[in-house]
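Undergrad: A single structure is presented below for examination.
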Amino acid sequence: RPLAEELSKALAVDRSVKGFEDFSLQGTQAIEAGNPARSLLYHALASPNVLYAANGDALTDFATAAELETLLNYVYGVALPTLEALQDQAGANATLGLVVFATEYRPRADTPHHQHADLCF
């Protein structure tokens with residue numbers, strides 16, 4: 001099977017595993033195109049709360065900033081929207097512009113909405 005197909009298939013997510021309690025309740029895939037907060041793989045690698053393996057052993061190796069950026073580029077780039085789709089999402093009369101953001105993946109308690117871990121800009 002192609003990697004993209006594997007990453008997008010539905011998964012059973014065990015949110016009782018330490019570090020995954022605040023993974024989005026709507027998240028059901030390793031990668032959800034355009035949505036890092038609903039991408040289990042991104043959460044597993046980016047969340048500062050994921051410190052232990054499922055068996056309880058402490059993790060000793062973590063993703064680098066460059067590796068997280070590569071994964072984030074995949075999340076946003078796996079299904080590129082058209083300019084028309086972006087305009088529809090923004091609203092017919094909205095003016096579109098290009099911006100650059102600094103990002104940080106935060107645990108639920110440190111996000112503005114306090115619902116689940118999420119990427120904050």
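Undergrad: Taking 0.36 nm per intervening residue step and subtracting the Cα-Cα distance, what contour gain separates Asp61 from Ala44 on full extension? All intermediate terms of the calculation are to be shown ahead of the outcome.
TA: Values: separation 17, 0.36 × 17 = 6.12 nm, distance 1.23 nm.
Extra length available between Asp61 and Ala44 comes to 4.9 nm.
Undergrad: Running a GNM on the chain with Cα contacts under 10 Å, which residue among Val75, Val99, Val13 ends up with the highest mean-square fluctuation?
TA: Of the options given, Val99 has the highest mean-square fluctuation.
Undergrad: In Å, what Kirkwood hydrodynamic radius results for segment 18-90 from the alpha-carbon pair distances?
TA: Details: mean 1/r = 0.0738 Å⁻¹.
Its Kirkwood hydrodynamic radius stands at 13.5 Å.
Undergrad: Please give the contour-minus-distance gain from Ala102 to Leu3: 0.36 nm per residue of separation, less the Cα-Cα distance, rounded to one decimal in nm. Don't jump to the answer; show the numbers that get you there.
TA: Values: separation 99, 0.36 × 99 = 35.64 nm, distance 2.85 nm.
Contour length minus Cα-Cα distance gives 32.8 nm.
Undergrad: Which value at 222 nm does the chain reach when only helices count, each DSSP H run of 4 or more adding -39,500 (n - 2.57), with the total divided by all residues and rounded to the nearest 500 deg cm²/dmol? Walk me through the numbers on the way to the answer.
TA: Working: 4 runs with 34 residues, N = 121.
Calculated from helices alone, the mean residue ellipticity at 222 nm is -7500 deg cm²/dmol.
Undergrad: Hey, can you grab everything whose amide H is under 5 Å from the amide H of Val78? Only 5+ residues off in sequence or another chain; H modelled, so Pro and N-termini drop out.
TA: Under 5 Å from the amide H of Val78: Gly34.
Undergrad: Next question, about the same structure. Name the most mobile residue of Arg108, Arg15, Arg38, meaning the one with the largest mean-square fluctuation, in a Gaussian network model of the chain with Cα contacts below 10 Å.
TA: Highest fluctuation of the listed residues: Arg15.
Undergrad: Using amide H atoms built in the peptide plane, which far-off residues or other-chain residues are under 5 Å from Ser39 H to H?
TA: Placed amide hydrogens put Glu32 under 5 Å from Ser39.
Undergrad: Under the Karplus relation 6.51 cos²θ - 1.76 cosθ + 1.60, θ = phi - 60°, what is the ordered set of whole-Hz ³J(HN,Hα) values for segment 7-23, x standing for Gly and Pro?
TA: These are the phi-based 3J(HN,Hα) values: 5, 9, 6, 5, 10, 8, 10, 8, 7, 8, 5, 3, x, 10, 4, 9, 5 Hz.
Undergrad: Could you give the angle, 0 to 90 degrees to the nearest 10, between helix 65-77's Cα long axis and the longest principal axis of the Cα atoms of the chain?
TA: Helix 65-77 and the main axis of the chain meet at about 50 degrees.
Undergrad: Taking amide H positions as placed in the peptide plane 1.01 Å from N, state which residues far from Cys120 in sequence (5 or more) or on other chains have amide H under 5 Å from it.
TA: Glu104, Tyr105, Arg106
Undergrad: Compare Leu11, Leu71, Leu98 in a GNM of the chain, Cα atoms joined below 10 Å, and give the one with the largest fluctuation.
TA: Looking only at Leu11, Leu71, Leu98, the largest GNM fluctuation is found for Leu98.
Undergrad: Then there's this: How far, in nm, would the chain grow between Leu51 and Glu84 when pulled straight, counting 0.36 nm per residue and subtracting the alpha carbon separation? List each step's numbers first, then the result.
TA: Working: separation 33, 0.36 × 33 = 11.88 nm, distance 4.13 nm.
Length gained, Leu51 through Glu84: 7.7 nm.
Read-outs: derived from the displayed coordinates by stated rules, not from any lab. No experiment lies behind these values; they were computed from the predicted model shown.
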